[in-house]
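**Student:** To start, I am sharing the structure in question, which I have written as structure tokens.
Every number here is computed from the coordinates shown, using simple stated rules; none is lab data. All values derive from a computational prediction rather than experimental measurement. Cβ: placed from backbone, ideal geometry, glycine included. Neighbour counts: every protein chain shown.
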Amino acid sequence: MNLFITGIGSGLGKALASEALNRGYRVYALSRHLPRELEGKVRFVPCDLRELERVGLCVKELLEGVEELELVILNAGILGQFGDMSEVPLYKFQEVMDINVWANKVILDTLKEMNVKVRQIVGISSGASVNCNRGWNAYSISKASLNCLLKLYAREMEDTHITALAPGLVLTPMLEEVMKQNAQRFPSVKRILEAPKRTPEEASKLIFDTLPKLLEFESGSYVDIRKI
Ligand SMILES: NC(=O)c1ccc[n+]([C@@H]2O[C@H](COP(=O)([O-])OP(=O)(O)OC[C@H]3O[C@@H](n4cnc5c(N)ncnc54)[C@H](OP(=O)(O)O)[C@@H]3O)[C@@H](O)[C@H]2O)c1
């Protein structure tokens, strides 16, 4: 079983790659960093997803000769600068959109061009895609766009099941950055500080256990793992 994942340098993606190996997948990964514990265990091509013109080449190099993928996990993402809308310049929105949205378009178009058969795609979305809470600016917009992007592909890719999955709160470097923000000014930060969280390892196991359940939702759906 072949699995393709983006963003394994830290957090959820690193744990998902390890869990995939434990479950017997052959793992193909694109990321900027390869964690030491995954060295020699995954097929890896270094790739900065901000460099959109290079992303297709990275996918082609990584997946040369691969005809079928059981699972694709579009995990890589950045938070961007937390703050009010007017405080964040447009170029910072563009960087978040490039990584969280447009890199995924390039990846999916390249898989199509390469004629790779894909059974299931899970894009890692977020509750922020629907909450649009104060401070989340570009991140919320990017995850809402990711939900729509995946729904659009679901309408075209009839043989592939696609989900935009919110993984719940996971204690990763990204969430730690959120928890450092001003909880008075940004009420969602206070709620996150008080809410239960999973470790990346716990979240990864849950995501793999949930994969069959995701197939029961219409392809292209946004699903919050906390609500199923
Ligand atoms: N933590 C949560 O509570 C939570 C909740 C909802 C959704 N999410 C989503 O979960 C996903 C993983 O985030 P995380 O929480 O695990 O945070 P994280 O530890 O900051 O992980 C971000 C991942 O994205 C990769 N990445 C970032 N910039 C990249 C770039 N320019 N090119 C290629 N890869 C890049 C990183 O790998 P490299 O450093 O190797 O590039 C890293 O593996 C994200 O899509 C995030 O939006 C997280």
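**Student:** Given the Cα-Cα distance of VAL66 and GLU218 and 0.36 nm per residue of separation, how much length would full extension add, in nm? Could you put the intermediate results ahead of the total?
**Tutor:** On the way: separation 152, 0.36 × 152 = 54.72 nm, distance 2.71 nm.
Fully extending the segment from VAL66 to GLU218 adds 52.0 nm.
**Student:** Consider all pairwise Cα distances in the range 157-228 and report the whole-number % of them above 13 Å. Display every interim value, and only then the final one.
**Tutor:** Working: 1774 of 2556 pairs.
Of all Cα-Cα pairs in the range 157-228, 69 percent lie more than 13 Å apart.
**Student:** Along its principal axes, what span do the Cα atoms of the range 1-85 show, with the longest given first and each in whole Å?
**Tutor:** Taking the Cα atoms of the range 1-85, the three principal extents are 44, 28, 22 Å.
**Student:** Report the Cys residues of the chain lacking a disulfide-compatible partner, meaning no second Cys Cβ under 4.7 Å from their Cβ.
**Tutor:** CYS132, CYS148
**Student:** Something else: Averaged over every viewing direction, what's the projected area of the C-alpha convex hull for the range 47-123? Give it in nm², one decimal, please. If you can, show how the numbers build up before the last one.
**Tutor:** Details: hull surface 21.5 nm².
The number I arrive at for the range 47-123 is 5.4 nm².
**Student:** Give the calculated FRET efficiency between ARG54 and TYR91 to the nearest 0.05, with a Förster radius of 22 Å applied to their Cβ-Cβ distance. Walk me through the numbers on the way to the answer.
**Tutor:** Values: r = 19 Å, r/R0 = 0.88.
That gives a FRET efficiency of 0.70.
**Student:** Restricting to DSSP loop positions (anything but H, G, I, E, B) with no more than 12 other Cβ atoms inside 10 Å of their own Cβ, which GluC sites (Glu not before Pro) remain in the range 121-225? Present the calculation step by step, with values, prior to reporting the outcome.
**Tutor:** On the way: sites: GLU156, GLU158, GLU176, GLU177, GLU194, GLU201, GLU202, GLU216, GLU218; in loops: GLU158, GLU216, GLU218.
Hits after loop and neighbour filter: GLU158, GLU216, GLU218.
**Student:** In the structure shown, do any of LYS60/LYS117; LYS41/LYS180; LYS112/LYS151; LYS105/LYS197; LYS143/LYS180 have a Cα-Cα gap over 26 Å, and if so which?
**Tutor:** From LYS60/LYS117; LYS41/LYS180; LYS112/LYS151; LYS105/LYS197; LYS143/LYS180, over 26 Å: LYS41/LYS180; LYS105/LYS197.
**Student:** Another question about this same structure. Can you pull out the trypsin sites (Lys or Arg not before Pro) in the range 165-211 that DSSP calls coil and that have at most 15 other Cβ atoms within 10 Å? Before the final figure, lay out each step's value.
**Tutor:** Working: sites: LYS180, ARG185, LYS190, ARG191, LYS197, ARG198, LYS205; in loops: LYS180, ARG185, LYS197.
Passing sites in the range 165-211 are LYS180, ARG185, LYS197.
**Student:** Also, I was wondering about something else. Report the per residue volume, in Å³, of the convex hull enclosing the C-alpha atoms of the range 104-228.
**Tutor:** Hull volume normalised by residue count: 111 Å³.
**Student:** Could I ask something else about it? Which value results when the Cα radius of gyration for the range 1-142 is divided by 2.2 N^0.38 Å?
**Tutor:** 1.07
**Student:** Within the range 1-105, list the trypsin sites (Lys or Arg not before Pro) lying in a DSSP loop whose Cβ has at most 16 other Cβ atoms in a 10 Å radius.
**Tutor:** Working: sites: LYS14, ARG23, ARG26, ARG32, ARG36, LYS41, ARG43, ARG50, ARG54, LYS60, LYS92, LYS105; in loops: ARG23, ARG32, LYS41, ARG50.
Answer by residue number: ARG23, ARG32, LYS41, ARG50.
**Student:** Under unit Cβ charges (Lys, Arg +1; Asp, Glu -1), what dipole magnitude, rounded to 20 debye, does the chain have relative to its Cα centre? All intermediate terms of the calculation are to be shown ahead of the outcome.
**Tutor:** Values: 29 positive and 29 negative charges, 129 e Å.
That gives the chain a dipole magnitude of about 620 debye.
**Student:** Spin-label point model (7 Å from Cα, Cβ direction): what's the MET114 to ARG226 distance in nm?
**Tutor:** About 3.5 nm separates the two model spin labels.
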